[in-house]
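Read through the structure below, which is laid out as C-alpha coordinates, and then see the notes.
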Amino acid sequence: MVTPNGEGDRTAAVVGLQFGDEGKGKITDYLSGSYDVVVRFNGGTNAGHTVVTDDGTFKFHLLPSGSLRTSYVVLGSGMVIDPISLIPEIEIVKKVNPALKIIVSRNAHVVTKMHRQLDVEEEKIRSSLMIGTTAQGIGPTYEDKYARTGIRMGDITNFNVVKEKIETMYRMHSNLLSGTEFSQPEKRNEMAQALYDAGLKIKEYLDYTEMAIDRLYSQGKRILFEGAQGVFLDPDFGFYPFVTSSNTISASIYTGTGFSLRKVNRIIGVAKAYVSKVGEGPFPTEITDDLAKQLRDLGGEYGTTTGRPRRVGWLDLPMLRYAVRIDDVDELAITKVDTLGMLDRVKVCKQYLLDGRPIDYVPRDMETIKRIEPVYEEFDGWGSISDSISGRKISIDQLPPKLVKYIKFIEDQLGKPVGIISMGKERNRTVRIIK
Ligand code: GDP
Ligand code: IMO
Ligand code: MG
(Lines give C-alpha, C1' and ligand atoms only; values in the text may rest on other atoms or scores of the structure.)
(Ligands and ions follow the chains in the order given, each with its own letter.)
Protein backbone atom coordinates (compact mmCIF):
# COMPACT_ATOMS: atom_id res chain seq x y z
CA MET A 1 0.00 0.00 0.00
CA VAL A 2 1.51 3.33 -1.04
CA THR A 3 1.09 6.06 1.54
CA PRO A 4 1.42 9.77 0.75
CA ASN A 5 4.88 11.25 1.04
CA GLY A 6 6.69 8.04 1.70
CA GLU A 7 7.86 8.34 5.30
CA GLY A 8 6.22 5.06 6.27
CA ASP A 9 7.78 3.04 3.47
CA ARG A 10 10.17 0.25 4.50
CA THR A 11 11.55 -0.14 1.04
CA ALA A 12 11.76 2.30 -1.85
CA ALA A 13 13.58 2.73 -5.13
CA VAL A 14 15.02 5.73 -6.94
CA VAL A 15 15.19 5.32 -10.72
CA GLY A 16 15.94 7.59 -13.68
CA LEU A 17 13.16 8.33 -16.17
CA GLN A 18 15.15 9.99 -18.96
CA PHE A 19 18.66 9.49 -20.42
CA GLY A 20 20.49 9.31 -17.07
CA ASP A 21 21.94 12.20 -15.04
CA GLU A 22 18.49 13.15 -13.78
CA GLY A 23 19.88 13.78 -10.28
CA LYS A 24 19.36 10.28 -8.86
CA GLY A 25 22.46 10.67 -6.67
CA LYS A 26 21.17 13.85 -5.08
CA ILE A 27 17.71 12.34 -4.44
CA THR A 28 19.16 9.07 -3.11
CA ASP A 29 21.42 10.95 -0.69
CA TYR A 30 18.50 13.14 0.40
CA LEU A 31 16.31 10.10 1.13
CA SER A 32 19.11 7.97 2.60
CA GLY A 33 18.80 9.80 5.93
CA SER A 34 15.65 7.67 6.46
CA TYR A 35 17.07 4.33 5.32
CA ASP A 36 19.44 1.81 6.92
CA VAL A 37 20.59 0.17 3.71
CA VAL A 38 21.18 1.58 0.21
CA VAL A 39 21.62 -0.83 -2.69
CA ARG A 40 22.90 -0.45 -6.27
CA PHE A 41 21.65 -3.09 -8.70
CA ASN A 42 22.88 -2.26 -12.22
CA GLY A 43 25.63 -0.67 -14.27
CA GLY A 44 29.16 0.18 -13.21
CA THR A 45 31.46 3.17 -13.46
CA ASN A 46 29.48 4.47 -16.45
CA ALA A 47 27.28 5.91 -13.69
CA GLY A 48 28.33 9.20 -12.15
CA HIS A 49 26.15 10.26 -9.23
CA THR A 50 26.86 13.60 -7.60
CA VAL A 51 26.12 14.43 -3.98
CA VAL A 52 26.81 17.83 -2.47
CA THR A 53 26.83 18.23 1.33
CA ASP A 54 28.57 20.44 3.89
CA ASP A 55 31.45 17.93 3.72
CA GLY A 56 32.03 18.64 0.02
CA THR A 57 31.15 17.30 -3.42
CA PHE A 58 31.19 13.53 -3.90
CA LYS A 59 31.01 11.76 -7.24
CA PHE A 60 29.97 8.16 -6.84
CA HIS A 61 30.55 5.71 -9.66
CA LEU A 62 30.21 2.39 -7.86
CA LEU A 63 29.19 2.96 -4.25
CA PRO A 64 25.54 3.90 -3.72
CA SER A 65 24.93 7.62 -3.17
CA GLY A 66 23.57 6.85 0.29
CA SER A 67 27.11 5.95 1.44
CA LEU A 68 27.68 9.19 3.32
CA ARG A 69 25.14 8.59 6.07
CA THR A 70 23.45 5.22 5.89
CA SER A 71 24.59 2.13 7.87
CA TYR A 72 24.95 -0.45 5.08
CA VAL A 73 25.55 -0.24 1.36
CA VAL A 74 25.25 -3.13 -1.04
CA LEU A 75 26.69 -3.53 -4.53
CA GLY A 76 24.38 -6.10 -6.08
CA SER A 77 25.11 -8.95 -8.46
CA GLY A 78 23.60 -7.10 -11.44
CA MET A 79 26.45 -4.60 -11.33
CA VAL A 80 29.77 -4.73 -13.17
CA ILE A 81 32.57 -3.62 -10.89
CA ASP A 82 36.09 -2.38 -11.53
CA PRO A 83 37.68 -3.47 -8.23
CA ILE A 84 40.64 -1.15 -8.77
CA SER A 85 38.47 1.98 -8.90
CA LEU A 86 36.29 0.74 -6.04
CA ILE A 87 39.17 1.02 -3.55
CA PRO A 88 39.63 4.83 -3.63
CA GLU A 89 35.84 5.34 -3.49
CA ILE A 90 35.73 3.25 -0.32
CA GLU A 91 38.61 5.25 1.17
CA ILE A 92 36.80 8.54 0.55
CA VAL A 93 33.48 7.53 2.12
CA LYS A 94 35.13 5.85 5.09
CA LYS A 95 36.53 9.27 6.07
CA VAL A 96 33.00 10.73 6.24
CA ASN A 97 31.13 7.64 7.43
CA PRO A 98 33.66 5.35 9.18
CA ALA A 99 30.99 3.00 10.56
CA LEU A 100 29.61 2.22 7.09
CA LYS A 101 29.34 -1.50 6.33
CA ILE A 102 30.00 -2.30 2.68
CA ILE A 103 28.77 -5.53 1.10
CA VAL A 104 29.86 -6.37 -2.45
CA SER A 105 28.35 -9.19 -4.46
CA ARG A 106 30.68 -12.14 -5.07
CA ASN A 107 28.75 -12.67 -8.28
CA ALA A 108 28.96 -9.19 -9.78
CA HIS A 109 31.16 -9.23 -12.87
CA VAL A 110 34.61 -7.69 -12.96
CA VAL A 111 35.49 -4.89 -15.37
CA THR A 112 39.14 -5.12 -16.44
CA LYS A 113 41.47 -2.84 -18.41
CA MET A 114 40.98 -5.25 -21.29
CA HIS A 115 37.23 -4.52 -21.29
CA ARG A 116 37.94 -0.80 -21.44
CA GLN A 117 40.15 -1.38 -24.47
CA LEU A 118 37.46 -3.54 -26.09
CA ASP A 119 34.92 -0.76 -25.51
CA VAL A 120 37.11 1.60 -27.56
CA GLU A 121 37.79 -0.98 -30.27
CA GLU A 122 34.08 -1.82 -30.64
CA GLU A 123 33.21 1.85 -31.01
CA LYS A 124 35.73 2.13 -33.87
CA ILE A 125 34.01 -0.75 -35.66
CA ARG A 126 30.54 0.73 -35.17
CA SER A 127 31.67 3.78 -37.10
CA SER A 128 28.50 5.71 -38.07
CA LEU A 129 26.50 3.64 -35.58
CA MET A 130 28.83 4.75 -32.78
CA ILE A 131 27.03 4.95 -29.42
CA GLY A 132 29.34 7.41 -27.69
CA THR A 133 29.86 5.08 -24.71
CA THR A 134 31.60 6.19 -21.55
CA ALA A 135 34.54 3.92 -22.55
CA GLN A 136 34.38 2.32 -19.12
CA GLY A 137 34.27 -1.24 -20.48
CA ILE A 138 30.64 -1.72 -19.50
CA GLY A 139 29.32 -3.26 -22.75
CA PRO A 140 32.21 -5.73 -23.14
CA THR A 141 31.92 -6.85 -19.49
CA TYR A 142 28.23 -7.64 -19.85
CA GLU A 143 29.04 -9.35 -23.18
CA ASP A 144 31.48 -11.62 -21.33
CA LYS A 145 28.95 -12.20 -18.56
CA TYR A 146 26.36 -13.51 -21.00
CA ALA A 147 28.98 -15.34 -23.10
CA ARG A 148 29.86 -17.09 -19.81
CA THR A 149 33.50 -16.12 -20.04
CA GLY A 150 33.34 -13.35 -17.43
CA ILE A 151 35.29 -12.97 -14.21
CA ARG A 152 33.22 -12.59 -11.05
CA MET A 153 34.21 -10.63 -7.96
CA GLY A 154 34.57 -13.87 -5.99
CA ASP A 155 37.18 -15.06 -8.52
CA ILE A 156 39.71 -12.30 -7.98
CA THR A 157 40.80 -13.57 -4.59
CA ASN A 158 42.43 -16.53 -6.35
CA PHE A 159 45.30 -15.61 -8.68
CA ASN A 160 45.18 -18.83 -10.73
CA VAL A 161 41.47 -18.45 -11.41
CA VAL A 162 41.85 -14.81 -12.55
CA LYS A 163 44.82 -15.68 -14.72
CA GLU A 164 43.05 -18.55 -16.45
CA LYS A 165 39.91 -16.51 -17.05
CA ILE A 166 41.90 -13.62 -18.51
CA GLU A 167 43.59 -15.99 -20.94
CA THR A 168 40.21 -17.39 -22.07
CA MET A 169 38.81 -13.88 -22.47
CA TYR A 170 41.84 -12.88 -24.50
CA ARG A 171 41.42 -15.87 -26.84
CA MET A 172 37.74 -14.95 -27.31
CA HIS A 173 38.61 -11.35 -28.20
CA SER A 174 42.04 -11.72 -29.80
CA ASN A 175 40.88 -10.37 -33.15
CA LEU A 176 40.02 -7.00 -31.56
CA LEU A 177 42.96 -6.97 -29.17
CA SER A 178 45.74 -8.12 -31.50
CA GLY A 179 47.25 -4.66 -32.03
CA THR A 180 47.00 -3.63 -28.38
CA GLU A 181 49.17 -4.10 -25.30
CA PHE A 182 46.97 -7.04 -24.26
CA SER A 183 48.47 -9.19 -27.00
CA GLN A 184 51.59 -9.37 -24.81
CA PRO A 185 51.38 -12.23 -22.28
CA GLU A 186 53.29 -10.20 -19.65
CA LYS A 187 50.68 -7.39 -19.84
CA ARG A 188 47.92 -9.92 -19.22
CA ASN A 189 49.91 -11.25 -16.33
CA GLU A 190 50.27 -7.74 -14.87
CA MET A 191 46.54 -7.28 -15.19
CA ALA A 192 45.84 -10.55 -13.36
CA GLN A 193 48.24 -9.49 -10.61
CA ALA A 194 46.59 -6.05 -10.23
CA LEU A 195 43.14 -7.63 -9.99
CA TYR A 196 44.36 -10.17 -7.46
CA ASP A 197 45.98 -7.41 -5.36
CA ALA A 198 42.69 -5.46 -5.43
CA GLY A 199 40.84 -8.68 -4.59
CA LEU A 200 42.85 -9.11 -1.40
CA LYS A 201 41.99 -5.55 -0.33
CA ILE A 202 38.25 -5.95 -0.85
CA LYS A 203 37.93 -9.60 0.18
CA GLU A 204 36.40 -8.59 3.52
CA TYR A 205 33.43 -6.96 1.74
CA LEU A 206 32.51 -9.87 -0.54
CA ASP A 207 29.33 -11.79 0.16
CA TYR A 208 26.30 -13.34 -1.48
CA THR A 209 24.35 -10.09 -1.52
CA GLU A 210 20.97 -11.68 -2.20
CA MET A 211 21.32 -13.44 1.16
CA ALA A 212 22.73 -10.35 2.89
CA ILE A 213 19.83 -8.15 1.71
CA ASP A 214 17.36 -10.78 2.80
CA ARG A 215 18.97 -10.94 6.24
CA LEU A 216 18.85 -7.16 6.65
CA TYR A 217 15.22 -7.10 5.49
CA SER A 218 14.33 -9.84 8.01
CA GLN A 219 15.93 -7.74 10.75
CA GLY A 220 13.46 -4.95 9.94
CA LYS A 221 15.98 -2.64 8.25
CA ARG A 222 14.75 0.02 5.85
CA ILE A 223 16.12 -0.48 2.35
CA LEU A 224 16.50 2.01 -0.51
CA PHE A 225 17.48 0.91 -4.04
CA GLU A 226 19.36 3.29 -6.31
CA GLY A 227 19.21 2.84 -10.07
CA ALA A 228 21.89 3.93 -12.51
CA GLN A 229 21.16 5.43 -15.95
CA GLY A 230 17.53 5.88 -17.04
CA VAL A 231 14.66 4.25 -18.93
CA PHE A 232 15.78 5.47 -22.37
CA LEU A 233 19.20 3.87 -21.89
CA ASP A 234 17.63 0.48 -21.16
CA PRO A 235 18.59 -2.10 -23.82
CA ASP A 236 15.04 -3.50 -24.00
CA PHE A 237 12.92 -0.39 -23.45
CA GLY A 238 15.17 2.51 -24.50
CA PHE A 239 16.31 3.92 -27.83
CA TYR A 240 18.26 0.81 -28.90
CA PRO A 241 21.07 0.68 -30.03
CA PHE A 242 21.92 3.99 -28.30
CA VAL A 243 21.62 2.42 -24.87
CA THR A 244 23.77 0.90 -22.16
CA SER A 245 24.24 -2.83 -21.61
CA SER A 246 22.35 -3.49 -18.39
CA ASN A 247 18.65 -3.09 -17.75
CA THR A 248 18.02 0.19 -16.02
CA ILE A 249 14.31 -0.07 -15.24
CA SER A 250 12.87 -0.76 -11.79
CA ALA A 251 12.27 -4.43 -12.66
CA SER A 252 16.05 -4.93 -12.69
CA ILE A 253 16.05 -4.50 -8.91
CA TYR A 254 14.78 -8.07 -8.82
CA THR A 255 17.27 -9.54 -11.28
CA GLY A 256 20.14 -7.34 -10.07
CA THR A 257 19.79 -8.17 -6.36
CA GLY A 258 17.43 -11.11 -5.96
CA PHE A 259 15.11 -8.92 -3.87
CA SER A 260 11.53 -9.24 -5.12
CA LEU A 261 10.09 -6.11 -6.69
CA ARG A 262 6.81 -7.08 -5.00
CA LYS A 263 8.41 -6.08 -1.71
CA VAL A 264 9.48 -2.62 -2.91
CA ASN A 265 6.85 -0.30 -1.41
CA ARG A 266 7.48 2.83 -3.41
CA ILE A 267 9.11 3.63 -6.72
CA ILE A 268 10.35 7.18 -7.07
CA GLY A 269 11.00 8.25 -10.64
CA VAL A 270 13.51 11.07 -11.02
CA ALA A 271 13.19 13.50 -13.90
CA LYS A 272 15.13 16.64 -14.62
CA ALA A 273 12.90 19.68 -15.25
CA TYR A 274 14.39 19.64 -18.74
CA VAL A 275 16.26 16.79 -20.49
CA SER A 276 19.97 16.13 -20.93
CA LYS A 277 21.78 13.40 -22.79
CA VAL A 278 25.37 12.32 -23.33
CA GLY A 279 26.27 10.25 -26.35
CA GLU A 280 24.57 9.66 -29.68
CA GLY A 281 20.97 8.75 -30.47
CA PRO A 282 17.51 10.27 -30.84
CA PHE A 283 16.51 13.25 -28.74
CA PRO A 284 13.09 14.55 -29.87
CA THR A 285 13.08 17.81 -27.87
CA GLU A 286 16.75 18.68 -28.29
CA ILE A 287 17.64 22.40 -28.35
CA THR A 288 20.49 23.21 -30.68
CA ASP A 289 20.67 27.02 -30.85
CA ASP A 290 22.27 29.54 -28.44
CA LEU A 291 19.69 28.66 -25.82
CA ALA A 292 21.28 25.21 -25.56
CA LYS A 293 24.57 26.76 -24.49
CA GLN A 294 22.78 29.03 -22.03
CA LEU A 295 20.93 26.08 -20.44
CA ARG A 296 24.06 23.88 -20.47
CA ASP A 297 26.06 26.55 -18.68
CA LEU A 298 23.28 27.43 -16.22
CA GLY A 299 22.89 23.75 -15.33
CA GLY A 300 26.61 22.82 -15.49
CA GLU A 301 25.65 20.11 -17.96
CA TYR A 302 29.01 18.43 -18.41
CA GLY A 303 29.29 14.67 -17.82
CA THR A 304 30.18 13.50 -14.28
CA THR A 305 32.07 10.50 -15.67
CA THR A 306 33.51 11.82 -18.93
CA GLY A 307 33.35 15.65 -18.71
CA ARG A 308 31.61 15.68 -22.12
CA PRO A 309 29.15 18.55 -22.76
CA ARG A 310 25.65 17.13 -22.36
CA ARG A 311 23.05 17.67 -25.07
CA VAL A 312 20.03 19.51 -23.64
CA GLY A 313 16.34 19.83 -24.54
CA TRP A 314 12.86 20.58 -23.23
CA LEU A 315 10.97 18.32 -20.84
CA ASP A 316 9.38 15.57 -22.90
CA LEU A 317 6.08 14.35 -21.43
CA PRO A 318 5.44 11.55 -23.98
CA MET A 319 8.81 10.08 -22.95
CA LEU A 320 7.99 10.52 -19.26
CA ARG A 321 4.52 9.02 -19.63
CA TYR A 322 6.11 5.90 -21.11
CA ALA A 323 8.89 5.80 -18.50
CA VAL A 324 6.41 6.17 -15.62
CA ARG A 325 4.53 3.15 -16.93
CA ILE A 326 7.62 0.99 -17.60
CA ASP A 327 9.07 1.79 -14.17
CA ASP A 328 5.65 1.58 -12.44
CA VAL A 329 6.40 4.88 -10.74
CA ASP A 330 4.44 5.92 -7.62
CA GLU A 331 5.76 9.43 -7.32
CA LEU A 332 8.00 11.82 -9.17
CA ALA A 333 11.03 13.75 -8.00
CA ILE A 334 11.71 16.75 -10.24
CA THR A 335 15.24 18.16 -10.14
CA LYS A 336 16.94 21.34 -11.34
CA VAL A 337 13.86 23.55 -11.27
CA ASP A 338 16.25 26.31 -10.15
CA THR A 339 18.18 26.01 -13.42
CA LEU A 340 15.17 25.91 -15.74
CA GLY A 341 13.39 28.75 -13.93
CA MET A 342 16.16 31.15 -14.89
CA LEU A 343 15.01 31.12 -18.53
CA ASP A 344 12.43 33.77 -19.56
CA ARG A 345 10.27 31.22 -21.32
CA VAL A 346 10.10 27.49 -20.70
CA LYS A 347 8.68 24.91 -23.09
CA VAL A 348 7.30 21.45 -22.35
CA CYS A 349 6.53 18.86 -25.03
CA LYS A 350 3.02 17.54 -24.36
CA GLN A 351 2.43 15.55 -27.55
CA TYR A 352 4.22 14.01 -30.55
CA LEU A 353 3.10 14.38 -34.14
CA LEU A 354 4.19 11.64 -36.57
CA ASP A 355 3.96 12.78 -40.18
CA GLY A 356 1.68 15.58 -38.95
CA ARG A 357 -0.72 13.32 -37.00
CA PRO A 358 -0.90 13.06 -33.18
CA ILE A 359 0.29 9.76 -31.70
CA ASP A 360 0.05 8.46 -28.15
CA TYR A 361 3.23 6.40 -27.93
CA VAL A 362 6.99 6.79 -28.24
CA PRO A 363 8.29 5.17 -31.44
CA ARG A 364 11.48 3.32 -30.68
CA ASP A 365 12.67 2.35 -34.10
CA MET A 366 15.36 4.65 -35.27
CA GLU A 367 13.76 5.54 -38.61
CA THR A 368 10.33 6.51 -37.25
CA ILE A 369 11.64 8.52 -34.31
CA LYS A 370 13.41 10.87 -36.75
CA ARG A 371 10.00 11.89 -38.15
CA ILE A 372 8.61 12.96 -34.77
CA GLU A 373 7.63 16.57 -34.26
CA PRO A 374 7.04 17.75 -30.68
CA VAL A 375 4.06 19.97 -29.80
CA TYR A 376 4.94 22.40 -27.00
CA GLU A 377 3.14 24.18 -24.18
CA GLU A 378 4.87 27.38 -23.04
CA PHE A 379 5.36 28.68 -19.50
CA ASP A 380 6.93 31.78 -17.96
CA GLY A 381 10.22 31.27 -16.15
CA TRP A 382 9.80 31.52 -12.36
CA GLY A 383 13.17 33.04 -11.42
CA SER A 384 15.01 32.19 -8.24
CA ILE A 385 13.42 30.24 -5.40
CA SER A 386 13.65 31.43 -1.80
CA ASP A 387 16.03 29.62 0.52
CA SER A 388 13.51 29.83 3.35
CA ILE A 389 11.68 26.68 2.21
CA SER A 390 14.88 24.60 1.78
CA GLY A 391 14.86 21.23 3.50
CA ARG A 392 11.20 21.55 4.54
CA LYS A 393 7.95 19.74 3.95
CA ILE A 394 5.71 22.26 2.28
CA SER A 395 2.41 22.50 0.51
CA ILE A 396 2.81 23.12 -3.18
CA ASP A 397 1.40 26.65 -2.85
CA GLN A 398 4.50 27.72 -0.95
CA LEU A 399 6.44 27.54 -4.23
CA PRO A 400 6.50 30.49 -6.67
CA PRO A 401 3.09 30.55 -8.48
CA LYS A 402 4.68 30.22 -11.92
CA LEU A 403 6.54 27.09 -10.78
CA VAL A 404 3.32 25.70 -9.27
CA LYS A 405 1.67 26.04 -12.69
CA TYR A 406 4.52 24.09 -14.29
CA ILE A 407 4.50 21.32 -11.65
CA LYS A 408 0.70 20.94 -11.72
CA PHE A 409 0.83 20.65 -15.51
CA ILE A 410 3.31 17.75 -15.19
CA GLU A 411 1.16 16.04 -12.54
CA ASP A 412 -2.01 16.41 -14.65
CA GLN A 413 -0.34 15.13 -17.78
CA LEU A 414 1.31 12.13 -16.12
CA GLY A 415 -1.35 11.30 -13.56
CA LYS A 416 1.31 10.96 -10.83
CA PRO A 417 2.14 13.19 -7.87
CA VAL A 418 5.36 15.19 -7.67
CA GLY A 419 6.49 14.39 -4.12
CA ILE A 420 10.02 15.82 -4.16
CA ILE A 421 11.34 18.98 -5.78
CA SER A 422 15.06 19.67 -5.99
CA MET A 423 16.03 23.29 -6.42
CA GLY A 424 19.80 23.26 -6.02
CA LYS A 425 22.64 20.77 -5.99
CA GLU A 426 23.08 20.87 -2.21
CA ARG A 427 21.39 18.23 -0.06
CA ASN A 428 19.38 20.86 1.76
CA ARG A 429 18.02 22.53 -1.40
CA THR A 430 15.19 20.03 -1.56
CA VAL A 431 11.52 20.12 -0.55
CA ARG A 432 8.94 17.42 0.06
CA ILE A 433 5.47 18.30 -1.12
CA ILE A 434 2.67 17.41 1.28
CA LYS A 435 -0.70 16.86 -0.32
P1 GDP B 1 22.66 11.22 -11.65
O2 GDP B 1 23.56 10.47 -12.55
O3 GDP B 1 21.22 11.01 -11.98
O4 GDP B 1 22.95 10.98 -10.19
O5 GDP B 1 22.95 12.77 -11.92
P6 GDP B 1 24.41 13.46 -12.04
O7 GDP B 1 24.97 13.61 -10.67
O8 GDP B 1 25.24 12.77 -13.06
O9 GDP B 1 24.01 14.85 -12.67
C10 GDP B 1 23.15 15.73 -12.02
C11 GDP B 1 23.90 17.05 -11.78
O12 GDP B 1 22.99 18.03 -11.37
C13 GDP B 1 24.93 16.97 -10.69
O14 GDP B 1 25.97 17.86 -10.97
C15 GDP B 1 24.17 17.44 -9.44
O16 GDP B 1 25.00 18.03 -8.45
C17 GDP B 1 23.28 18.48 -10.05
N18 GDP B 1 21.97 18.65 -9.42
C19 GDP B 1 21.12 17.69 -8.92
N20 GDP B 1 19.96 18.25 -8.54
C21 GDP B 1 20.08 19.57 -8.79
C22 GDP B 1 19.20 20.68 -8.63
O23 GDP B 1 18.07 20.56 -8.22
N24 GDP B 1 19.68 21.90 -9.03
C25 GDP B 1 20.92 22.07 -9.54
N26 GDP B 1 21.28 23.30 -9.89
N27 GDP B 1 21.77 21.06 -9.68
C28 GDP B 1 21.36 19.82 -9.33
P1 IMO C 1 24.04 7.84 -14.60
O2 IMO C 1 23.84 6.66 -13.66
C3 IMO C 1 24.17 9.40 -18.64
C4 IMO C 1 25.25 6.60 -21.80
C5 IMO C 1 26.55 6.89 -22.54
C6 IMO C 1 26.22 6.32 -23.91
C7 IMO C 1 25.41 5.07 -23.56
C8 IMO C 1 26.21 3.79 -23.50
O9 IMO C 1 25.06 8.81 -14.14
O10 IMO C 1 22.72 8.44 -14.93
P11 IMO C 1 27.99 2.80 -21.78
O12 IMO C 1 29.30 3.36 -21.32
O13 IMO C 1 27.02 2.52 -20.69
O14 IMO C 1 28.14 1.62 -22.71
O15 IMO C 1 27.37 3.99 -22.70
O16 IMO C 1 24.83 5.33 -22.29
N17 IMO C 1 25.36 6.49 -20.33
C18 IMO C 1 24.96 7.44 -19.49
N19 IMO C 1 24.50 8.69 -19.73
N20 IMO C 1 24.25 8.94 -17.38
C21 IMO C 1 24.69 7.69 -17.13
O22 IMO C 1 24.67 7.15 -15.90
C23 IMO C 1 25.11 6.89 -18.21
N24 IMO C 1 25.62 5.64 -18.32
C25 IMO C 1 25.75 5.42 -19.62
O26 IMO C 1 26.82 8.26 -22.58
O27 IMO C 1 25.38 7.20 -24.60
MG1 MG D 1 25.18 10.81 -13.76
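The values are calculated or read from the model by the stated rules, or taken from the named source; none is laboratory data. Predicted model only: the values in this text are computed from it and were never measured. Neighbour counts run over all protein chains shown; Cβ positions are idealised from the backbone, glycine included. Remember, those area values only see protein heavy atoms, side chains included, never the ligands or the DNA or RNA. Shrake-Rupley method; radii C 1.70, N 1.55, O 1.52, S 1.80 Å.
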* To do: Just need the relative contact order of segment 17-81 here, percent rounded to a whole number, with Cα pairs under 8 Å and 6+ apart.
  => 40 percent
* Asked: For helix 401-414, what angle does its Cα long axis make with the longest principal axis of the chain, in degrees from 0 to 90 and rounded to 10?
  -> 60 degrees
* **segment 122-139-segment 369-387 distance, computed between alpha-carbon centres (Å)** => 32 Å
* Structure fact -> Checking rank on 80-86, 9-15, with mean other Cβ inside 10 Å and highest first, the result is 9-15, 80-86
* Asked: Which whole-number percent is the relative contact order of segment 109-204 (Cα, under 8 Å, 6+ apart)?
  -> 29 percent
* **Subset of Lys350/Lys416; Lys26/Lys272; Lys165/Lys187; Lys124/Lys370 violating a 18 Å alpha-carbon distance limit** => Lys124/Lys370
* **Structure-based [θ]222 nm, the chain - -39500 (n - 2.57) summed over DSSP H runs of at least 4, per residue, nearest 500** => -10000 deg cm²/dmol
* Which listed residue (Gly220, Ala273, Val324) has the Cα farthest towards the positive end of the charge dipole for the chain, taking +1 on Lys and Arg C-beta and -1 on Asp and Glu C-beta about the Cα centre? -> Gly220
* **Phi to ³J(HN,Hα) by Karplus 6.51 cos²θ - 1.76 cosθ + 1.60 over segment 341-351, Hz, x for Gly, Pro** => x, 6, 6, 5, 10, 10, 10, 9, 7, 9, 7
* To do: Return the inverse of the average 1/r over all pairs of distinct C-alpha atoms in the chain, which is the Kirkwood hydrodynamic radius, in Å to one decimal.
  => 22.2 Å
* Structure fact -> Rounded to the nearest 5, the percent of DSSP beta bridges in the chain running antiparallel is 40 percent
* **Low-density loop cleavage sites - trypsin sites (Lys or Arg not before Pro) in segment 99-164, where at most 10 other Cβ are within 10 Å (DSSP)** => Arg148
* In Å and whole numbers, how far do the C-alpha atoms of segment 203-242 stretch along each principal axis, longest first? -> 40, 26, 12
* To do: Give the longest segment of the chain that steers clear of GluC sites (Glu not before Pro) in DSSP loops with at most 13 neighbouring Cβ atoms within 10 Å, not counting the sites themselves.
  => 8-366
* To do: For segment 87-203, report the convex hull volume of the alpha-carbon atoms normalised per residue, in Å³, without decimals.
  => 112 Å³
* **³J(HN,Hα) computed for each position of segment 266-281 - Karplus, 6.51 cos²θ - 1.76 cosθ + 1.60, integer Hz, glycine/proline x** => 8, 10, 9, x, 9, 10, 6, 5, 10, 10, 10, 8, 10, x, 7, x
* Expressed as a whole number of Å, what is the distance separating the alpha-carbon centroids of segment 160-228 and segment 57-97? -> 15 Å
* Asked: Taking the Cα centre of segment 305-435 as the origin and placing charges on Cβ (Lys, Arg +1; Asp, Glu -1), which of Ser388, Leu315, Val337 is farthest toward the positive end of the dipole?
  -> Ser388
* Mean Cα-pair separation over length for the chain, i.e. relative contact order, pairs under 8 Å, 6 or more apart, % -> 20 percent
* Keeping the other protein chains in place, figure out the carbon and sulfur percent of the accessible area of the chain, with a 1.4 Å probe. => 49 percent
* **Around Ile267: net Lys/Arg minus Asp/Glu count, Cβ-Cβ under 9 Å** => -3
